[in-house]
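Shown next, in structure tokens, is the structure this report addresses.
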Amino acid sequence: MESRSHAGVVESTLPKHQLLDERGAVTEDDLLSPYTQDITVDDLQHLYRSMTKARRVDEEGTSLQRQGQLVLWVPLKGQEAAQIGSTWPTRPTDRLYPSYREHAVAFERGVEPSELMRYFRGHTAGGWDPEKHNLNLYTVVLGSQAPHAVGYAMGTALDRKAAEDAGTPLETEPEAVVAYFGDGASTEGEVHESMVFAASYDAPVLFFIQNNQWAISVPFATQSRVPLATRAAGYGFEGLRVDGNDILAVVAATRYALAKIRRGEGPVLIEAETYRMGAHTTADDPTKYRKREEEDQWGLLDPIERLKEHLRTAHGVADSFFETVAQENDDLARRMRADVLAMTPPEFVDRFEHVYAEPHALVAAERAEYLEYQAGFEDASDVHGTAAEGVGA
Amino acid sequence: MSQVFMLPDVGEGLTEADILAWKVSKGDTVSVNQVLVEIETAKSVVELPSPYEGTVQELLVQEGDTVDVGTPIIAVSSGEDEPAGGTDPGYTGTVPQNGLAAGSSPEAPGAPQETSADSSEGQPLVGSGPKADPVRRRRRTRAGAPAAEDAAPGQTASTPAEAHAGDEAEHRHGWAGKLSRTGLGGAAVDLAERAGRIRERGGSLLRTLEEGVGEQTAVPRRPTLAKPPVRKAAKEMGIDLADVRATGDGGHVTKRDLLAHASGAGAAGQPSGGRASAGPQVSDERVERLKVKGVRKATAQNMVKSAFTAPHVSIFVEVDATRTMEFVKRLKQSPRMEGIKISPLLIVAKAVIWAAERNPDVNATWADTEIVVKRFMNLGIAAATPRGLLVPNIKDAQDLSLRELAGALQELTQTARAGRTQPADMQGGTLSITNIGVLGADTGTPIINPGESAIVAFGAIKQKPWVVDGEVVPRWITTLSGSFDHRVVDGELAARFMSDVARIVEEPALLLE
């Protein structure tokens with residue numbers, strides 16, 4: 001779906017890369033085809049598993065929210081290929097900076113679905129250990145993850161240079177950093193500034209945009225007259241447009257970009273053109289601003305169906321595989337539901353443990369004072385003292 | 001054992017929802033995530049999936065009810081402790097009665113959630129909804145508890161302050177009493193308790209505050225509390241805020257109060273203070289009480305706003321529409337119009353556009369210090385839809401050919417009837433038509449759509465005796481009426497405009513001019 005033509009528009013000449021067409025048949029692309037030659041059926045099956053798992057967890061998330069068990073849920077349906085396709089080619093040493101919809105990214109990085117749910121239940125302000133998964137925490141105030149990612153990327157480059165200057169060059173391969181954001185956040189000033197800095201300092205960062213066509217209720221045509229990938233040229237680095245519902249194209253483009261970044265050639269931008277099939281969040285009603293016809297049209301481009309068709313026709317994968325995966329996903333959703341229902345809110349007193357890394361006299365005194373205060377009530381249970389936190393927006 | 005599902009906050013910070021349609025009924029077997037009910041919140045229409053597996057024992061709220069977040073809406077038997085093989089769909093009665101009562105009875109004691117949430121799975125109602133997570137004060141132990149200092153010695157069951165609070169809740173229609181009866185329970189009693197303490201210490205200010213709201217004659221009135229937009233609206237409507245019954249927090253006059261007052265509802269001498277929702281729920285089968293919400297509410301607000309800000313003047317023209325009827329008939333047979341619905345409304349729409357081009361000042365907005373005359377016509381068409389009256393408009397109707405206008409009219413009405421009218425379709429209207437004739441009405445004095453200065457009502461077309469060239473002959477006659485904002489449009493201009501509309505209806509060929 002191209003942006004609406006505008007009298008003053010300068011048409012973009014960037015091609016949209018695709019390796020799997022709408023019917024799941026392989027197409028050739030001069031730039032990207034070489035980057036998928038080594039992908040095996042096992043790899044494709046892994047990608048299929050990851051994508052369907054994310055979608056199943058996503059459905060359960062919406063249900064749990066509707067049942068009053070989560071404060072909020074942010075559906076990702078439709079963006080599975082863009083997320084899995086961009087995370088799978090990264091290395092564990094590559095740091096990722098998500099926004100708040102990157103559930104598939106988080107699962108691919110080993111975050112347990114229930115860990116993530118704890119955040120949306122309002123029981124934690126984080127959810128996972130960023131160092132363990134090399135995945136930064138979700139960003140709710142969108143846009144700020146871009147300067148964070150660029151700053152981190154600049155830091156890794158500086159570390160490398162400092163080690164070199166000291167005569168002890170690092171032997172590890174250069175890291176790359178991925179900043180995830182969407183068409184909406186692309187409009188924010190700090191994203192622009194990040195791109196300027198990234199270019200100025202050759203930061204090893206991939207700006208991965210999931211253009212899901214809607215910034216809450218603002219259509220993409222309002223955000224930009226041209227594909228966002230076009231903007232990269234203005235900063236002096238490469239921008240690629242890919243079919244974001246084509247898992248192979250996303251994997252190939254990401255591999256291409258990461259290789260370039262690791263060679264020290266600076267940032268790359270990928271715009272994965274995809275579609276948010278569901279609501280912006282569970283607090284949103286898309287029927288108020290977009291038409292069913294549009295949703296139906298994108299429904300035909302479902303990334304999961306496309307990969308499934310490819311697995312069937314090009315690789316002869318049997319129905320039993322898809323049935324098994326569906327069963328595994330249902331089991332996972334059931335376990336996750338049980339985990340979520342069993343979650344209890346954190347105790348307020350735990351807060352004192354997180355003020356300083358080491359014991360601290362003042363904090364200890366305040367903790368004791370708090371406990372004494374709490375002990376002064378007739379009713380011992382402190383249900384409301386541990387009110388929900390997190391998910392501020 | 002019953003598992004009770006309480007209405008969750010499905011948005012962020014929502015307090016209530018309307019029950020639209022139940023998808024299950026008593027006795028149905030439900031599975032986890034099966035859709036139970038469709039609800040509408042201030043933000044969206046959503047389906048609630050079942051958190052439980054089992055048999056529906058009871059639907060605890062009815063379709064059409066507006067219920068607070070945290071209200072038990074359905075009871076589902078867990079099936080675990082039912083005798084093997086026996087699936088008794090009957091309601092076992094283990095749903096706590098106070099849970100049931102909370103939705104319907106004003107006498108329900110406060111804080112029903114605490115008692116109804118006996119099932120561990122039903123308990124957590126996470127969310128930012130204020131009702132889901134009520135604030136309440138916990139009681140301190142006797143030793144050194146600051147609250148006890150105010151209590152009279154020897155009182156153990158209740159402090160005088162609490163007794164006072166209870167007294168208030170039961171016998172006075174004060175704000176605290178009302179609050180406690182709307183389900184905030186503990187919080188309200190706590191507020192009343194605090195209020196009582198302050199009063200005992202001689203807090204005369206608070207006394208004035210409470211009594212000023214409750215008994216308006218005894219104490220000199222303090223200035224009415226209202227937010228600036230409400231004050232502005234009141235000023236524009238020529239209403240003294242002191243006359244308006246206040247239902248907002250802390251005795252604030254809300255916009256709703258103002259509108260209620262303007263529409264006459266405020267005159268129903270109820271004691272003031274307290275919340276509108278705590279109003280009488282007297283069971284009276286001779287009247288039906290319909291909740292005001294959605295499109296009805298928006299229509300009411302718009303109409304009151306228009307009726308009380310724009311001085312309306314109405315003009316009627318009776319006109320011979322025989323040639324319009326013939327023209328419509330010819331158009332219907334024209335191959336160029338194939339597949340497009342043609343009706344006399346099309347000619348009237350065209351006539352209104354034509355007449356507005358000749359009298360541009362009717363296509364305008366009053367903006368206090370200036371009159372904004374539009375050089376374009378976004379022609380509004382009042383449409384009865386499943387959700388109520390909507391006035392979507394045809395953008396830049398002045399640029400459309402007869403065929404394009406017919407197509408636009410058809411799409412507009414189809415979209416409206418299907419309930420798919422988008423908010424943007426209703427914004428930016430400049431002049432409207434209401435087709436009351438299709439309902440058999442002859443004429444009327446329509447109310448102008450806010451932001452516009454004119455509206456034309458198109459009455460029924462009927463065969464009547466008419467004098468043509470000195471002879472009485474049967475002709476197709478209709479009445480066109482128009483209402484105008486007299487601040488913008490004087491009687492003369494209104495008459496010119498209406499007679500121009502009538503000229504086209506009488507002789508559509510003039511469109512070729």
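Read the figures in this text as sums done on the coordinates, not as results from a lab. The structure presented is a predicted model; accordingly, all values stated were derived computationally and were not measured. Cβ placement follows ideal geometry from the backbone for every residue including glycine, while neighbour counts extend to all protein chains displayed.
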Order B:378-389, B:458-469 from most to least packed using the mean count of other Cβ atoms within 10 Å. B:378-389, B:458-469
Residue A:110's amide H: which non-local residues (gap 5+, or another chain) put their own amide H closer than 5 Å, with H modeled 1.01 Å from N in plane and none for Pro or chain starts? none
Any chance you could check the Cα centroid distance between the range B:6-40 and the range A:159-210 for me, in angstrom? 46 Å
Taking the dipole of the range A:152-277 about the Cα centre (Lys, Arg +1; Asp, Glu -1; charges at Cβ), the one of A:198, A:155, A:247 that reaches farthest to the positive side is A:247
Residue (of B:17, B:51, B:29) at the positive-pole extreme of the range B:4-61, dipole from beta-carbon charges: B:29
Listed by chain and number, the lysines with an alpha carbon less than 27 angstrom from that of residue B:464, same-chain partners under 8 positions apart left out, are B:329, B:332, B:341, B:350
Near the amide H of residue A:377, under 5 Å away, which other amide H atoms are found, from residues 5 or more places off or on another chain, if H is placed in the peptide plane? B:141
Taking θ as phi - 60°, what are the ³J(HN,Hα) couplings along the range B:387-397 by the Karplus curve (6.51, -1.76, 1.60), each to the nearest whole Hz, with x for Gly and Pro? 9, x, 6, 10, 10, x, 10, 8, 6, 6, 5
Under a Cβ-only charge scheme (Lys and Arg +1, Asp and Glu -1), can you give me the dipole magnitude of the range A:170-309 about the Cα centre, in debye to the nearest 20? 220 debye
Quick one: compute the contact order of chain A, relative version, from alpha carbon pairs under 8 angstrom and 6+ residues apart, as a percent. 25 percent
Cβ-Cβ cut-off under 13 Å around residue B:385, Lys and Arg +1, Asp and Glu -1: the net charge is +3
Taking every residue in A:56-68, how many Cβ atoms of other protein chains lie within 10 Å of its Cβ, on average? 6
Enter the mean number of other protein chain beta carbons within 10 Å of the beta carbon of each residue in B:27-35, as an integer. 2
5 Å is the cut-off here: which amide hydrogens, built 1.01 Å from N in the peptide plane, fall below it relative to residue B:457, excluding neighbours closer than 5 in sequence? B:434, B:481, B:482, B:483
Averaged over its residues, how many other protein chain Cβ atoms are within 10 Å of peptide A:276-283's Cβ atoms? 3
Centre separation in Å (Cα based) which lies between the range B:390-459 and the range B:222-258: 34 Å
So if each residue of separation counts as 0.36 nm, and I subtract the Cα-Cα distance between residue B:66 and residue B:389, what length gain in nm does that give? 114.1 nm
The range B:15-72, relative contact order in percent, only Cα pairs under 8 angstrom and at least six apart counted: 44 percent
In the range A:76-180, the GluC sites (Glu not before Pro) that sit in a DSSP loop and have at most 16 other Cβ atoms within 10 Å of their own Cβ are A:171
Roughly how many debye, to the nearest 20, is the charge dipole of the range A:1-126 about its Cα centre, given +1 on each Lys and Arg Cβ, -1 on each Asp and Glu Cβ, and no other charges? 740 debye
Each residue of the range A:6-16 in order: what ³J(HN,Hα) in whole Hz does its phi give by Karplus 6.51 cos²θ - 1.76 cosθ + 1.60, θ = phi - 60°, with x for Gly and Pro? 10, 4, x, 6, 9, 4, 7, 9, 5, x, 9
If unit charges are put on Cβ atoms (+1 for Lys and Arg, -1 for Asp and Glu) and the dipole of chain A is taken about its Cα centre, the option from A:78, A:209, A:230 lying farthest towards the positive end turns out to be A:230
How would you rank A:26, B:10, going from fewest to most other Cβ atoms within 10 Å of each one's own Cβ? A:26, B:10
Give me A:284, A:21 sorted ascending by neighbouring Cβ count inside 10 Å, so fewest comes first. A:21, A:284
Using a simple charge model, +1 on the beta-carbon of Lys and Arg, -1 on the beta-carbon of Asp and Glu, nothing else, what dipole does the range B:310-512 show about its Cα centre, in debye to the nearest 20? 780 debye
Exposure proxy check on A:32, A:371, B:59: fewest-to-most Cβ neighbours within 10 Å is A:371, B:59, A:32
